[in-house]
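Visitor: Below is a structure I'd like to ask you about.
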Amino acid sequence: MALEQPVVSQVTANRTDYDYDLMIVGGGIVGTLLACALKDSNLSIALIEAETHSQAVAKAQAYSITLLSSQILQGLGVWDTLRPQIETYNTVRLSDAAHPSVVQFLPTDIGTQTLGYVAEHRVLLATLQAYLDGCSNVHHLCPAKVVQTKFQTDGAILDVAMADQNQSLRTRLVIAADGSRSPLRQQAKIRTYGWKYWQACVVATFQLETPHNNTAYEWFWEGGPSGILPLPNNRCRIVWTVPKAEAETMLALSEGEFTERFTRRYGAHFSRPTLEGDRYAFPVQLLHSSRYVCSRLALIGDAAHCCHPLGGQGINMGIRDAAALAQVLQTACDRGEDIASLKVLKRYERWRQWENLMILSVTDLLNRAFSTQLLPVVFLRRVALHMLQTIQPFKSLTFRLMSGLIGRTPHLAQR
Ligand SMILES: Cc1cc2nc3c(=O)[nH]c(=O)nc-3n(C[C@H](O)[C@H](O)[C@H](O)COP(=O)(O)OP(=O)(O)OC[C@H]3O[C@@H](n4cnc5c(N)ncnc54)[C@H](O)[C@@H]3O)c2cc1C
(Lines give C-alpha, C1' and ligand atoms only; values in the text may rest on other atoms or scores of the structure.)
Protein backbone atom coordinates (compact mmCIF):
# COMPACT_ATOMS: atom_id res chain seq x y z
CA MET A 1 0.00 0.00 0.00
CA ALA A 2 1.48 3.33 -1.04
CA LEU A 3 1.49 5.62 1.94
CA GLU A 4 0.53 9.24 1.49
CA GLN A 5 2.48 11.84 3.39
CA PRO A 6 1.07 11.99 6.92
CA VAL A 7 -1.29 14.91 7.29
CA VAL A 8 0.36 15.80 10.58
CA SER A 9 3.94 14.81 10.89
CA GLN A 10 4.92 17.12 13.72
CA VAL A 11 3.67 15.80 17.00
CA THR A 12 4.30 17.94 20.04
CA ALA A 13 6.27 15.59 22.23
CA ASN A 14 6.46 16.13 25.98
CA ARG A 15 4.03 19.06 25.89
CA THR A 16 3.04 17.82 29.31
CA ASP A 17 3.29 14.35 30.77
CA TYR A 18 0.87 13.41 28.06
CA ASP A 19 1.13 13.99 24.32
CA TYR A 20 -2.67 14.11 24.14
CA ASP A 21 -5.62 14.10 26.52
CA LEU A 22 -7.49 11.83 24.15
CA MET A 23 -6.44 9.53 21.31
CA ILE A 24 -9.22 8.32 19.03
CA VAL A 25 -8.19 5.20 17.13
CA GLY A 26 -10.20 4.95 13.90
CA GLY A 27 -11.04 7.83 11.59
CA GLY A 28 -14.24 6.34 10.16
CA ILE A 29 -17.42 8.38 10.44
CA VAL A 30 -17.91 7.69 14.15
CA GLY A 31 -14.35 8.46 15.31
CA THR A 32 -14.15 11.56 13.12
CA LEU A 33 -17.50 12.81 14.38
CA LEU A 34 -16.34 12.45 17.99
CA ALA A 35 -13.22 14.51 17.25
CA CYS A 36 -15.37 17.21 15.59
CA ALA A 37 -17.82 17.23 18.51
CA LEU A 38 -14.98 17.97 20.94
CA LYS A 39 -13.81 21.04 18.99
CA ASP A 40 -14.52 23.48 21.82
CA SER A 41 -13.47 21.21 24.67
CA ASN A 42 -9.91 22.44 25.24
CA LEU A 43 -8.84 18.79 25.14
CA SER A 44 -5.85 17.99 22.96
CA ILE A 45 -6.89 15.18 20.65
CA ALA A 46 -5.22 12.85 18.15
CA LEU A 47 -7.44 11.14 15.58
CA ILE A 48 -5.52 8.19 14.15
CA GLU A 49 -6.57 6.49 10.92
CA ALA A 50 -4.74 3.58 9.28
CA GLU A 51 -6.01 4.27 5.76
CA THR A 52 -5.08 7.25 3.61
CA HIS A 53 -7.62 10.08 3.31
CA SER A 54 -8.62 8.93 -0.14
CA GLN A 55 -8.99 5.26 0.86
CA ALA A 56 -11.07 6.10 3.93
CA VAL A 57 -13.42 8.28 1.90
CA ALA A 58 -13.74 6.04 -1.17
CA LYS A 59 -16.15 3.48 0.28
CA ALA A 60 -19.32 2.67 -1.58
CA GLN A 61 -21.63 2.60 1.44
CA ALA A 62 -24.70 4.82 1.74
CA TYR A 63 -26.50 5.28 5.03
CA SER A 64 -29.98 6.03 6.15
CA ILE A 65 -29.59 9.04 8.44
CA THR A 66 -32.27 9.23 11.11
CA LEU A 67 -33.83 12.47 12.30
CA LEU A 68 -31.81 12.44 15.53
CA SER A 69 -28.56 11.91 13.59
CA SER A 70 -29.50 14.82 11.32
CA GLN A 71 -30.06 17.01 14.41
CA ILE A 72 -26.61 15.99 15.73
CA LEU A 73 -25.02 16.92 12.39
CA GLN A 74 -26.90 20.23 12.49
CA GLY A 75 -25.66 20.89 16.03
CA LEU A 76 -22.14 20.19 14.87
CA GLY A 77 -22.46 22.82 12.14
CA VAL A 78 -21.93 20.64 9.06
CA TRP A 79 -25.53 20.41 7.92
CA ASP A 80 -25.48 23.31 5.46
CA THR A 81 -22.58 21.65 3.62
CA LEU A 82 -24.15 18.20 3.72
CA ARG A 83 -27.75 19.02 2.92
CA PRO A 84 -27.35 19.80 -0.84
CA GLN A 85 -25.45 16.53 -1.33
CA ILE A 86 -27.86 14.13 0.36
CA GLU A 87 -31.43 12.95 -0.28
CA THR A 88 -34.52 13.04 1.89
CA TYR A 89 -37.16 10.38 2.26
CA ASN A 90 -40.70 11.48 2.99
CA THR A 91 -42.42 8.12 2.73
CA VAL A 92 -41.42 4.73 4.12
CA ARG A 93 -43.25 1.63 2.91
CA LEU A 94 -43.03 -1.71 4.72
CA SER A 95 -44.26 -4.85 2.97
CA ASP A 96 -44.41 -8.48 4.03
CA ALA A 97 -43.07 -10.10 0.84
CA ALA A 98 -45.69 -9.87 -1.91
CA HIS A 99 -48.64 -9.59 0.52
CA PRO A 100 -50.81 -6.71 -0.74
CA SER A 101 -51.15 -4.81 2.55
CA VAL A 102 -48.47 -2.18 3.03
CA VAL A 103 -47.61 -0.10 6.09
CA GLN A 104 -46.89 3.44 5.00
CA PHE A 105 -45.20 6.01 7.22
CA LEU A 106 -45.52 9.72 6.46
CA PRO A 107 -44.07 12.80 8.22
CA THR A 108 -47.56 13.56 9.60
CA ASP A 109 -47.33 10.31 11.61
CA ILE A 110 -44.63 11.84 13.79
CA GLY A 111 -45.28 15.55 13.27
CA THR A 112 -42.10 16.33 11.32
CA GLN A 113 -41.26 17.76 7.89
CA THR A 114 -39.52 14.63 6.67
CA LEU A 115 -38.77 11.08 7.85
CA GLY A 116 -35.01 10.90 7.28
CA TYR A 117 -32.13 11.28 4.87
CA VAL A 118 -29.75 9.15 2.84
CA ALA A 119 -26.07 10.10 2.74
CA GLU A 120 -23.25 8.46 0.84
CA HIS A 121 -20.17 7.54 2.87
CA ARG A 122 -17.83 9.69 0.76
CA VAL A 123 -20.01 12.79 1.27
CA LEU A 124 -20.40 12.31 5.01
CA LEU A 125 -16.77 11.49 5.78
CA ALA A 126 -15.29 14.15 3.46
CA THR A 127 -17.52 16.79 5.09
CA LEU A 128 -16.44 15.75 8.60
CA GLN A 129 -12.78 15.65 7.55
CA ALA A 130 -13.05 19.18 6.11
CA TYR A 131 -14.61 20.36 9.39
CA LEU A 132 -11.59 18.94 11.26
CA ASP A 133 -9.40 21.53 9.51
CA GLY A 134 -11.05 24.15 11.72
CA CYS A 135 -10.49 22.13 14.92
CA SER A 136 -7.17 23.47 16.15
CA ASN A 137 -7.16 21.06 19.11
CA VAL A 138 -7.28 17.95 16.87
CA HIS A 139 -4.27 16.38 15.13
CA HIS A 140 -5.38 14.08 12.34
CA LEU A 141 -2.69 11.41 11.96
CA CYS A 142 -3.43 9.70 8.67
CA PRO A 143 -2.26 7.27 7.43
CA ALA A 144 -1.05 6.08 10.82
CA LYS A 145 -1.72 2.74 12.42
CA VAL A 146 -1.79 1.91 16.11
CA VAL A 147 0.26 -1.27 16.35
CA GLN A 148 0.38 -1.68 20.10
CA THR A 149 -1.24 -0.18 23.17
CA LYS A 150 0.01 -0.41 26.71
CA PHE A 151 -2.48 0.58 29.37
CA GLN A 152 -1.13 2.02 32.61
CA THR A 153 -2.92 3.14 35.74
CA ASP A 154 -2.76 6.81 34.75
CA GLY A 155 -2.87 6.58 30.96
CA ALA A 156 -1.86 4.58 27.92
CA ILE A 157 1.06 4.48 25.51
CA LEU A 158 0.21 3.89 21.87
CA ASP A 159 2.83 2.78 19.38
CA VAL A 160 1.86 4.41 16.11
CA ALA A 161 3.36 3.43 12.75
CA MET A 162 3.40 6.27 10.23
CA ALA A 163 4.79 6.53 6.71
CA ASP A 164 8.21 7.77 7.66
CA GLN A 165 8.48 7.13 11.39
CA ASN A 166 7.14 5.22 14.36
CA GLN A 167 6.15 7.06 17.51
CA SER A 168 5.15 6.16 21.03
CA LEU A 169 2.49 8.59 22.18
CA ARG A 170 1.13 8.95 25.67
CA THR A 171 -2.50 9.79 26.38
CA ARG A 172 -4.91 9.96 29.30
CA LEU A 173 -7.75 8.24 27.46
CA VAL A 174 -8.04 5.96 24.43
CA ILE A 175 -11.21 5.79 22.35
CA ALA A 176 -11.67 2.66 20.24
CA ALA A 177 -13.51 3.69 17.06
CA ASP A 178 -11.62 0.99 15.17
CA GLY A 179 -14.54 -0.95 13.69
CA SER A 180 -16.22 -4.28 14.31
CA ARG A 181 -13.00 -6.28 14.67
CA SER A 182 -11.61 -3.66 17.09
CA PRO A 183 -8.07 -4.73 17.98
CA LEU A 184 -8.31 -2.40 21.00
CA ARG A 185 -11.42 -4.15 22.31
CA GLN A 186 -9.71 -7.51 21.91
CA GLN A 187 -6.57 -6.30 23.60
CA ALA A 188 -8.58 -5.00 26.55
CA LYS A 189 -10.19 -8.48 26.72
CA ILE A 190 -13.70 -7.06 26.57
CA ARG A 191 -16.07 -9.91 25.78
CA THR A 192 -18.68 -9.64 23.06
CA TYR A 193 -21.98 -11.45 22.57
CA GLY A 194 -23.69 -12.18 19.31
CA TRP A 195 -23.73 -14.33 16.24
CA LYS A 196 -23.13 -14.28 12.54
CA TYR A 197 -26.37 -14.43 10.54
CA TRP A 198 -26.98 -17.02 7.85
CA GLN A 199 -27.41 -14.07 5.50
CA ALA A 200 -25.25 -11.60 3.60
CA CYS A 201 -26.19 -8.24 2.10
CA VAL A 202 -25.79 -7.62 -1.60
CA VAL A 203 -25.51 -3.89 -2.26
CA ALA A 204 -26.05 -2.17 -5.61
CA THR A 205 -26.97 1.26 -7.01
CA PHE A 206 -29.35 1.93 -9.88
CA GLN A 207 -29.96 5.02 -11.97
CA LEU A 208 -33.72 5.35 -12.50
CA GLU A 209 -35.77 6.73 -15.37
CA THR A 210 -38.90 7.47 -13.34
CA PRO A 211 -38.64 9.60 -10.17
CA HIS A 212 -37.97 7.76 -6.93
CA ASN A 213 -40.40 10.11 -5.20
CA ASN A 214 -38.25 10.26 -2.07
CA THR A 215 -39.63 6.94 -0.93
CA ALA A 216 -37.73 4.35 1.12
CA TYR A 217 -38.86 0.73 1.00
CA GLU A 218 -38.35 -2.24 3.30
CA TRP A 219 -39.55 -5.56 1.94
CA PHE A 220 -39.46 -8.62 4.18
CA TRP A 221 -38.78 -11.74 2.11
CA GLU A 222 -38.23 -15.27 3.35
CA GLY A 223 -34.48 -15.04 2.62
CA GLY A 224 -34.20 -11.73 4.47
CA PRO A 225 -35.26 -8.07 4.24
CA SER A 226 -34.44 -5.78 1.33
CA GLY A 227 -34.16 -2.05 1.84
CA ILE A 228 -34.25 0.40 -1.06
CA LEU A 229 -33.21 3.97 -0.34
CA PRO A 230 -33.48 7.04 -2.60
CA LEU A 231 -30.20 8.74 -3.53
CA PRO A 232 -29.52 12.16 -5.09
CA ASN A 233 -29.76 12.49 -8.90
CA ASN A 234 -32.66 10.05 -9.09
CA ARG A 235 -30.68 6.98 -8.13
CA CYS A 236 -31.52 4.32 -5.57
CA ARG A 237 -29.47 1.98 -3.41
CA ILE A 238 -30.63 -1.56 -2.67
CA VAL A 239 -29.36 -3.51 0.33
CA TRP A 240 -30.62 -6.98 -0.54
CA THR A 241 -30.33 -9.50 2.30
CA VAL A 242 -30.20 -13.12 1.11
CA PRO A 243 -28.74 -16.43 2.36
CA LYS A 244 -24.94 -16.38 1.99
CA ALA A 245 -24.76 -18.88 -0.90
CA GLU A 246 -27.33 -16.89 -2.85
CA ALA A 247 -25.32 -13.70 -2.34
CA GLU A 248 -22.37 -15.33 -4.12
CA THR A 249 -24.64 -16.38 -6.97
CA MET A 250 -26.04 -12.86 -7.27
CA LEU A 251 -22.59 -11.30 -7.45
CA ALA A 252 -21.61 -13.77 -10.16
CA LEU A 253 -24.54 -12.68 -12.37
CA SER A 254 -23.78 -10.43 -15.31
CA GLU A 255 -24.95 -6.81 -15.03
CA GLY A 256 -27.86 -7.57 -17.34
CA GLU A 257 -28.91 -10.65 -15.36
CA PHE A 258 -28.65 -8.81 -12.05
CA THR A 259 -30.72 -5.89 -13.38
CA GLU A 260 -33.25 -8.36 -14.78
CA ARG A 261 -33.54 -10.02 -11.36
CA PHE A 262 -34.05 -6.61 -9.70
CA THR A 263 -36.68 -5.65 -12.27
CA ARG A 264 -38.57 -8.92 -11.90
CA ARG A 265 -38.97 -8.28 -8.19
CA TYR A 266 -39.19 -4.48 -7.95
CA GLY A 267 -39.96 -3.37 -11.50
CA ALA A 268 -43.43 -2.14 -10.52
CA HIS A 269 -41.77 0.60 -8.43
CA PHE A 270 -38.56 1.28 -10.37
CA SER A 271 -38.94 1.19 -14.11
CA ARG A 272 -35.95 0.79 -16.44
CA PRO A 273 -33.17 0.82 -13.85
CA THR A 274 -29.55 1.00 -15.00
CA LEU A 275 -26.91 -0.55 -12.77
CA GLU A 276 -24.33 2.01 -11.66
CA GLY A 277 -20.87 1.15 -10.30
CA ASP A 278 -19.85 -2.04 -8.55
CA ARG A 279 -21.96 -4.48 -6.60
CA TYR A 280 -20.58 -5.90 -3.38
CA ALA A 281 -21.70 -8.13 -0.54
CA PHE A 282 -20.94 -7.93 3.16
CA PRO A 283 -21.60 -10.47 5.91
CA VAL A 284 -24.17 -9.64 8.55
CA GLN A 285 -23.64 -10.08 12.26
CA LEU A 286 -25.03 -9.12 15.61
CA LEU A 287 -22.33 -8.14 18.06
CA HIS A 288 -22.58 -6.41 21.40
CA SER A 289 -19.76 -5.64 23.80
CA SER A 290 -20.34 -6.71 27.38
CA ARG A 291 -18.76 -3.42 28.46
CA TYR A 292 -18.32 -0.15 26.61
CA VAL A 293 -15.67 1.16 28.97
CA CYS A 294 -12.84 0.10 31.20
CA SER A 295 -10.06 2.04 32.82
CA ARG A 296 -8.65 4.54 30.25
CA LEU A 297 -10.66 3.09 27.35
CA ALA A 298 -14.11 3.65 25.79
CA LEU A 299 -15.61 1.89 22.76
CA ILE A 300 -17.83 3.64 20.21
CA GLY A 301 -19.53 2.69 16.94
CA ASP A 302 -18.95 -0.73 15.40
CA ALA A 303 -16.25 -1.43 17.98
CA ALA A 304 -19.06 -1.60 20.56
CA HIS A 305 -21.92 -3.05 18.49
CA CYS A 306 -22.90 -4.29 15.04
CA CYS A 307 -26.47 -4.95 14.01
CA HIS A 308 -28.47 -6.34 11.13
CA PRO A 309 -28.74 -3.64 8.43
CA LEU A 310 -32.53 -3.88 8.57
CA GLY A 311 -33.84 -0.38 9.29
CA GLY A 312 -30.42 1.21 8.63
CA GLN A 313 -29.57 1.63 12.32
CA GLY A 314 -25.80 0.81 12.39
CA ILE A 315 -24.23 4.16 11.62
CA ASN A 316 -26.94 6.03 13.55
CA MET A 317 -26.14 4.13 16.75
CA GLY A 318 -22.49 5.09 16.27
CA ILE A 319 -23.32 8.77 15.66
CA ARG A 320 -25.34 8.80 18.90
CA ASP A 321 -22.46 7.11 20.78
CA ALA A 322 -20.10 9.84 19.60
CA ALA A 323 -22.48 12.66 20.57
CA ALA A 324 -23.15 11.09 23.98
CA LEU A 325 -19.47 10.48 24.76
CA ALA A 326 -18.54 14.02 23.68
CA GLN A 327 -21.15 15.37 26.09
CA VAL A 328 -19.99 13.17 28.98
CA LEU A 329 -16.35 14.20 28.45
CA GLN A 330 -17.20 17.89 28.07
CA THR A 331 -19.26 17.83 31.29
CA ALA A 332 -16.40 16.10 33.12
CA CYS A 333 -13.96 18.76 31.86
CA ASP A 334 -16.28 21.56 33.01
CA ARG A 335 -16.45 20.00 36.47
CA GLY A 336 -12.69 19.48 36.65
CA GLU A 337 -13.04 15.68 36.79
CA ASP A 338 -10.57 13.15 35.35
CA ILE A 339 -12.03 12.42 31.89
CA ALA A 340 -10.45 8.95 31.85
CA SER A 341 -11.74 7.80 35.22
CA LEU A 342 -14.08 4.86 35.29
CA LYS A 343 -16.60 6.97 37.19
CA VAL A 344 -16.84 9.41 34.25
CA LEU A 345 -16.72 6.78 31.50
CA LYS A 346 -19.47 4.71 33.15
CA ARG A 347 -21.88 7.62 32.56
CA TYR A 348 -21.42 7.08 28.83
CA GLU A 349 -21.88 3.30 29.16
CA ARG A 350 -25.07 3.67 31.21
CA TRP A 351 -26.46 6.09 28.64
CA ARG A 352 -25.70 4.14 25.46
CA GLN A 353 -25.51 0.42 26.23
CA TRP A 354 -29.21 -0.11 26.93
CA GLU A 355 -30.41 2.08 24.08
CA ASN A 356 -28.21 0.14 21.66
CA LEU A 357 -29.29 -3.21 23.10
CA MET A 358 -32.92 -2.26 22.44
CA ILE A 359 -32.18 -1.50 18.76
CA LEU A 360 -30.13 -4.71 18.37
CA SER A 361 -32.99 -6.74 19.86
CA VAL A 362 -35.70 -5.15 17.72
CA THR A 363 -33.76 -5.60 14.46
CA ASP A 364 -32.93 -9.22 15.34
CA LEU A 365 -36.53 -10.01 16.25
CA LEU A 366 -37.85 -8.47 13.03
CA ASN A 367 -35.32 -10.33 10.90
CA ARG A 368 -36.24 -13.67 12.48
CA ALA A 369 -39.99 -13.08 12.50
CA PHE A 370 -40.07 -12.14 8.83
CA SER A 371 -37.60 -14.76 7.56
CA THR A 372 -39.86 -17.70 8.38
CA GLN A 373 -42.93 -19.23 6.82
CA LEU A 374 -44.10 -20.89 10.08
CA LEU A 375 -47.85 -20.27 9.95
CA PRO A 376 -48.36 -19.02 13.55
CA VAL A 377 -45.48 -16.55 13.09
CA VAL A 378 -46.80 -15.44 9.69
CA PHE A 379 -50.21 -14.88 11.30
CA LEU A 380 -48.75 -12.90 14.21
CA ARG A 381 -46.60 -10.66 12.04
CA ARG A 382 -49.51 -9.87 9.71
CA VAL A 383 -51.57 -8.90 12.77
CA ALA A 384 -48.66 -6.74 13.97
CA LEU A 385 -48.39 -5.04 10.57
CA HIS A 386 -52.15 -4.44 10.54
CA MET A 387 -51.93 -2.87 14.01
CA LEU A 388 -49.02 -0.76 12.84
CA GLN A 389 -51.05 0.59 9.94
CA THR A 390 -54.27 1.19 11.87
CA ILE A 391 -53.29 2.15 15.44
CA GLN A 392 -51.79 5.61 15.13
CA PRO A 393 -50.02 5.82 18.55
CA PHE A 394 -48.36 2.43 17.90
CA LYS A 395 -47.28 3.57 14.45
CA SER A 396 -45.93 6.86 15.75
CA LEU A 397 -44.09 5.17 18.65
CA THR A 398 -42.46 2.61 16.32
CA PHE A 399 -41.19 5.20 13.88
CA ARG A 400 -39.99 7.51 16.63
CA LEU A 401 -38.02 4.59 18.13
CA MET A 402 -36.36 3.84 14.77
CA SER A 403 -35.64 7.58 14.25
CA GLY A 404 -33.78 7.85 17.54
CA LEU A 405 -36.44 10.20 18.92
CA ILE A 406 -37.10 7.98 21.94
CA GLY A 407 -34.34 7.97 24.50
CA ARG A 408 -32.01 10.60 25.85
CA THR A 409 -31.20 13.37 23.40
CA PRO A 410 -27.58 14.61 23.35
CA HIS A 411 -27.12 18.37 23.83
CA LEU A 412 -25.53 18.52 20.37
CA ALA A 413 -28.91 17.64 18.86
CA GLN A 414 -30.65 20.41 20.80
CA ARG A 415 -28.60 23.37 19.55
C1 LIG B 1 -18.45 -3.86 3.48
C2 LIG B 1 -19.42 -3.12 4.37
C3 LIG B 1 -20.50 -2.49 3.78
C4 LIG B 1 -21.44 -1.80 4.57
N5 LIG B 1 -22.50 -1.20 3.97
C6 LIG B 1 -23.38 -0.50 4.74
C7 LIG B 1 -24.49 0.17 4.14
O8 LIG B 1 -24.69 0.13 2.91
N9 LIG B 1 -25.34 0.86 4.96
C10 LIG B 1 -25.14 0.93 6.32
O11 LIG B 1 -25.92 1.60 7.05
N12 LIG B 1 -24.09 0.30 6.91
C13 LIG B 1 -23.23 -0.41 6.16
N14 LIG B 1 -22.19 -1.05 6.76
C15 LIG B 1 -21.98 -0.85 8.20
C16 LIG B 1 -21.33 0.52 8.44
O17 LIG B 1 -20.31 0.72 7.49
C18 LIG B 1 -20.76 0.62 9.86
O19 LIG B 1 -21.83 0.53 10.79
C20 LIG B 1 -20.03 1.97 10.07
O21 LIG B 1 -19.05 2.17 9.10
C22 LIG B 1 -19.38 1.98 11.45
O23 LIG B 1 -18.54 3.12 11.54
P24 LIG B 1 -17.27 3.12 12.52
O25 LIG B 1 -16.65 4.47 12.34
O26 LIG B 1 -17.70 2.70 13.89
O27 LIG B 1 -16.32 1.97 12.01
P28 LIG B 1 -15.56 1.81 10.62
O29 LIG B 1 -16.28 2.49 9.51
O30 LIG B 1 -15.29 0.35 10.47
O31 LIG B 1 -14.19 2.61 10.85
C32 LIG B 1 -13.14 2.07 11.62
C33 LIG B 1 -11.85 2.74 11.18
O34 LIG B 1 -10.81 2.38 12.07
C35 LIG B 1 -9.61 2.23 11.33
N36 LIG B 1 -8.70 1.39 12.11
C37 LIG B 1 -8.89 0.10 12.51
N38 LIG B 1 -7.84 -0.32 13.23
C39 LIG B 1 -6.97 0.73 13.29
C40 LIG B 1 -5.69 0.90 13.90
N41 LIG B 1 -5.08 -0.07 14.58
N42 LIG B 1 -5.07 2.11 13.76
C43 LIG B 1 -5.65 3.11 13.09
N44 LIG B 1 -6.87 3.01 12.49
C45 LIG B 1 -7.51 1.82 12.59
C46 LIG B 1 -10.07 1.59 10.02
O47 LIG B 1 -9.16 1.82 8.97
C48 LIG B 1 -11.42 2.30 9.79
O49 LIG B 1 -11.31 3.43 8.95
C50 LIG B 1 -21.27 -1.75 5.98
C51 LIG B 1 -20.18 -2.40 6.57
C52 LIG B 1 -19.26 -3.07 5.77
C53 LIG B 1 -18.10 -3.77 6.44
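The values are calculated or read from the model by the stated rules, or taken from the named source; none is laboratory data. As the structure is a prediction and not an experimental result, all values here were calculated from the model. Virtual Cβ from ideal backbone geometry, glycine too; neighbours counted across all protein chains shown. SASA here: full protein model, heavy atoms, side chains in, ligands and nucleic acids out. Shrake-Rupley method; radii C 1.70, N 1.55, O 1.52, S 1.80 Å.
Visitor: List, in order, the whole-Hz ³J(HN,Hα) value for each residue of the range 299-316 obtained from phi through the Karplus relation with A = 6.51, B = -1.76, C = 1.60 and θ = phi - 60°; use x for Gly and Pro.
Guide: 9, 9, x, 4, 5, 9, 6, 9, 10, 4, x, 3, x, x, 8, x, 5, 5
Visitor: Please report the relative contact order for the chain, taking Cα pairs under 8 Å with a sequence separation of at least 6, and give it as a percent rounded to a whole number.
Guide: Relative CO of the chain lands at 21 percent.
Visitor: What translational diffusion coefficient, in µm²/s and rounded to a whole number, does the Stokes-Einstein relation yield for the range 47-106 at 4 °C and a viscosity of 1.567 mPa s, taking the hydrodynamic radius as the Kirkwood radius over Cα pairs?
Guide: 87 µm²/s
Visitor: So, one more: Work out how much length Arg191 to Asn214 would gain on full extension: take 0.36 nm times their residue separation and subtract the Cα-Cα distance, in nm to one decimal.
Guide: 4.2 nm is the gain from fully extending Arg191 to Asn214.
Visitor: With charges set only on the Cβ (+1 for Lys and Arg, -1 for Asp and Glu), what does the dipole of the range 195-285 come to about its Cα centre, in debye to the nearest 20?
Guide: Roughly 140 debye for the range 195-285.
Visitor: For the chain, find the longest principal axis of its Cα atoms and tell me its angle to the long axis of helix 255-266, 0 to 90°, nearest 10.
Guide: 60 degrees
Visitor: Here is a further query. In degrees, nearest 10, range 0 to 90: what is the angle between the Cα axis of helix 392-402 and the longest Cα principal axis of the chain?
Guide: Compared with the principal axis, the helix lies near 40 degrees.
Visitor: Beyond 15 Å, what percent of the Cα pairs of the range 20-80 remain?
Guide: 59 percent
Visitor: Once neighbouring chains are kept in place and the probe is 1.4 Å, which whole percent of the accessible area of the chain is contributed by carbon and sulfur?
Guide: 53 percent
Visitor: I need the calculated FRET efficiency for the pair Ala98 and Trp354, taking r as the beta carbon distance and R₀ as 45 Å, to the nearest 0.05.
Guide: The formula returns an efficiency of 0.75 here.
Visitor: Per residue of the chain, what 222 nm ellipticity follows from adding -39500 (n - 2.57) for every DSSP H run with n ≥ 4, rounded to the nearest 500?
Guide: Using -39500 (n - 2.57) per qualifying helix, the result is -11000 deg cm²/dmol.
Visitor: Now for a different question. Of all DSSP beta bridges located in the chain, what percent are antiparallel, nearest 5?
Guide: Beta bridges within the chain, antiparallel portion: roughly 75 percent.
Visitor: Which distance in nm do the two modelled labels at Asp338 and Glu222 give, with both placed 7 Å along the Cα-to-Cβ direction?
Guide: For Asp338 paired with Glu222, the spin-label model returns 5.9 nm.
Visitor: While we're here: Take the eigenvalues of the Cα gyration tensor for the chain, scale each by 5, and report the square roots as semi-axes in whole Å, largest first.
Guide: That gives 38, 23, 20 Å for the three semi-axes.
Visitor: Something else now. On a full-extension model of 0.36 nm per residue, what is the gain between Ser180 and Ala252, subtracting their alpha-carbon distance, rounded to one decimal in nm?
Guide: Net length gain for the segment: 23.2 nm.
Visitor: Moving to a separate point now. Per the Kirkwood definition applied to all pairs of different Cα atoms, how many angstroms is the hydrodynamic radius of the range 246-362?
Guide: Its Kirkwood hydrodynamic radius stands at 17.2 Å.
Visitor: How compact is the range 195-285 by the rule of thumb for globular proteins, expressed as Cα Rg over 2.2 N^0.38 Å?
Guide: In units of the globular-protein estimate, the range 195-285 measures up at 1.03.
Visitor: Once label points are set 7 Å from the Cα along Cα→Cβ at both Thr409 and Asn233, what is their separation, rounded to one decimal in nm?
Guide: A separation of 3.5 nm, rounded to one decimal place.
Visitor: On to the next question. I'd like the Karplus ³J(HN,Hα) series for the range 267-273: coefficients 6.51, -1.76, 1.60, θ = phi - 60°, whole numbers in Hz, and an x wherever there's a Gly or Pro.
Guide: Listing the rounded values in order: x, 5, 9, 10, 7, 6, x Hz.
Visitor: Considering amide H positions built from the backbone, and no H for Pro or chain starts, which residues 5 or more places from Gly116, or on another chain, come under 5 Å of its amide H?
Guide: Residues meeting the amide H criterion: Tyr89.
Visitor: Give the shape of the range 238-278 as rounded, prolate or oblate, defined through the alpha-carbon gyration tensor: a ≥ b ≥ c are the square roots of its eigenvalues, a/c under 1.5 means rounded, and otherwise the shape is prolate if a/b is larger than b/c and oblate if not.
Guide: prolate
Visitor: Quick one: accessible area per residue over the chain, 1.4 Å probe, rounded to a whole number of Å²?
Guide: Per residue, the chain has 43 Å² of solvent-accessible surface.
Visitor: Taking the Cα atoms only, what angle lies between the long axis of helix 67-76 and the longest principal axis of the chain, rounded to 10 degrees?
Guide: 30 degrees
Visitor: Further, regarding this structure: Quick one: if you stick a label point 7 Å off each Cα along the C-beta vector at Ala268 and Trp79, how many nm between them?
Guide: 3.7 nm
Visitor: Using alpha-carbon pairs under 8 Å, 6+ residues apart, how would you state the relative contact order of the range 69-208 in percent?
Guide: Answer for the range 69-208 is 13 percent.
Visitor: Could you give each residue of the range 290-295 its phi-based ³J(HN,Hα) in whole Hz, using Karplus coefficients 6.51, -1.76, 1.60 with θ = phi - 60°, and x for Gly or Pro?
Guide: Going residue by residue, I get 5, 9, 9, 9, 8, 4 Hz, with x marking Gly and Pro.
Visitor: Tell me, in nm to one decimal, what length is gained between Ala384 and Gln207 on full extension, where the rule is 0.36 nm per residue of separation less the Cα-Cα distance?
Guide: Extra length available between Ala384 and Gln207 comes to 60.3 nm.
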